[in-house]
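What follows is one structure encoded as structure tokens, with my remarks underneath.
The values are calculated or read from the model by the stated rules, or taken from the named source; none is laboratory data. Everything quoted here is computed from the prediction, not taken from an experiment. In this analysis, Cβ positions are derived from the backbone assuming ideal geometry, glycine residues included, and neighbour counts consider all displayed protein chains. These area figures cover heavy atoms from the full protein model, side chains too; ligands, DNA and RNA do not enter into them. Shrake-Rupley method; radii C 1.70, N 1.55, O 1.52, S 1.80 Å.
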Amino acid sequence: MSDLVIVNEAQCQNLVTRADAFKAVEDVFCAMSKGEAYNFPVVREAIGYADALYGFKSGFDKTGKVLGVKAGGYWPGNVEKGLTNHQSSVCLFDPDTGELSAIVAGNYLTAVRTAASSAVSIAHLARKDSKVLGMVGAGHQSTFQVRAAVEQRDFEKIVAWNPHPEMLPRLAELARELKVDFEAVDQQRLGREADVIITITSAFEPLLMRDWIKPGTHLACMGTDTKGKMEVDAELLARATVFTDEIAQSISIGESQHAIQKGLITEDQITPIGDVIKGDHLGRSSEDEVTLFDGTGVGLQDLAVASVAARLALQAEDALKITL
Ligand code: NAD
């Protein structure tokens with residue numbers, strides 16, 4: 001007999017902090033780099049109903065002993081129902097026996113692990129003296145991104161641009177809460193002023209061009225997670241030293257897909273961020289280097305934070321447990 005723990009959205013939000021997510025994501029990137037954690041092939045299908053995209057991301061982390069699958073996708077009509085469009089849930093299994101050990105709500109965890117991923121890239125790649133954070137994107141993920149980013153450097157100001165400017169007040173409000181200056185700017189000015197830029201949109205065309213970026217900038221490109229999506233000019237990516245969570249995803253569904261297709265870079269020019277975390281790669285090599293993190297979002301990140309949620313829930317007295 002084994003115990004199955006069930007963790008809902010509210011519990012995940014109460015239990016898993018940004019610091020927990022940062023450590024879980026950093027650790028699993030390192031395990032991936034050591035060859036001790038693997039993502040299995042991703043399934044993503046249009047289900048022919050409700051315009052929904054549905055799929056599975058799964059993997060196994062031998063170091064953390066985390067085996068599982070995140071199931072979910074995108075339901076564009078959800079906003080009208082008062083729900084977020086992205087919906088997901090994680091199932092974890094005992095890697096020694098295959099028994100189901102946890103069912104964990106995945107919506108908050110997806111946002112917090114995605115923000116942790118760009119934060120890990122800022123921690124390891126951005127210049128230490130970065131003062132201005134540039135935000136391209138103002139949707140659901142954007143506030144999670146800002147909260148995680150400001151914990152990595154002493155940002156004094158946020159400059160932001162979004163294809164839909166009416167969404168920017170949510171970032172202005174957050175900046176007020178965080179006591180950081182805020183200014184809505186055009187894309188060129190954002191490129192001129194920002195030391196670190198996060199892109200987190202659903203764009204299919206470049207929003208930032210090569211020559212708008214100043215030397216020494218670090219970019220975390222987080223929105224491109226599907227074939228055809230694109231947030232920055234392929235020439236900009238080719239100008240940068242490129243890091244990623246996983247090379248296979250980076251060249252197929254990530255921001256690097258376009259520069260690869262155009263022959264501007266080759267796969268061997270992209271470095272897994274885990275190599276930097278474990279000390280095999282220097283990361284940034286000069287103050288003028290442009291670094292770019294292609295954060296495609298891997299299943300192992302979801303499993304890592306879900307396993308933290310399940311562990312903390314089991315320690316809490318109000319955990320919902322079922323004996324199988
Ligand atoms: P959202 O729907 O809340 O916000 C969408 C954002 O994209 C807004 O800034 C909006 O102005 C912009 N946008 C919408 N349509 C656009 C278009 N045609 N061209 C340019 N910009 C457009 O979405 P969200 O939850 O904030 O997610 C943003 C993006 O991040 C999505 O593309 C999502 O798939 C991606 N995402 C990536 C990861 C990862 O791990 N890399 C994780 C979660 C979400």
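Things to note:
- Taking a ≥ b ≥ c as the square roots of the Cα gyration tensor eigenvalues, the stretch 98-144 comes out oblate, since a/c reaches at least 1.5 and a/b does not exceed b/c.
- The string of couplings for the stretch 25-39 from the Karplus curve (6.51, -1.76, 1.60, θ = phi - 60°) is 6, 4, 5, 6, 4, 5, 4, 4, 5, 7, x, 9, 9, 10, 8 Hz, one whole number per residue in order, with x for Gly and Pro.
- Placing dummy labels 7 Å off each Cα toward the beta-carbon, the span from residue 164 to residue 96 is 4.9 nm.
- The mean sequence separation of alpha-carbon pairs under 8 Å and at least six residues apart, normalised by the residue count of the stretch 151-193, gives a relative contact order of 49 percent.
- Estimated from helices alone, the mean residue ellipticity of the chain at 222 nm is -10000 deg cm²/dmol (sum of -39500 (n - 2.57) over DSSP H runs with n ≥ 4, per residue).
- Our summary gives the chain a relative contact order of 23 percent, counting only alpha carbon pairs under 8 angstrom and 6 or more residues apart.
- Take the Cβ atoms of residue 314 and residue 192, set R0 to 45 Å, and the FRET efficiency comes out at 0.35.
- Along the stretch 145-152 the Karplus relation, 6.51 cos²θ - 1.76 cosθ + 1.60 evaluated at θ = phi - 60°, assigns HN-Hα couplings of 4, 5, 4, 6, 5, 5, 7, 9 Hz to successive residues, with x for each Gly and Pro.
- For the chain, the share of accessible area belonging to carbon and sulfur comes to 52 percent (1.4 Å probe, ligands and nucleic acids excluded).
- Dimensions of the chain based on its C-alpha atoms, expressed as ranges along the principal axes with the largest first, amount to 61, 41, 41 Å.
- The stretch 125-297 - percent relative contact order, Cα under 8 Å, separation 6 or more: 22 percent
- Mean shadow area of the stretch 125-297, taken as a quarter of the surface of its Cα convex hull (nm²): 8.8 nm²
- Between residue 45 and residue 9, the contour length at 0.36 nm per residue exceeds the alpha carbon distance by 10.5 nm.
- Solvent exposure of the chain, expressed per residue, is 45 Å² of accessible area, with all protein chains present and a 1.4 angstrom probe.
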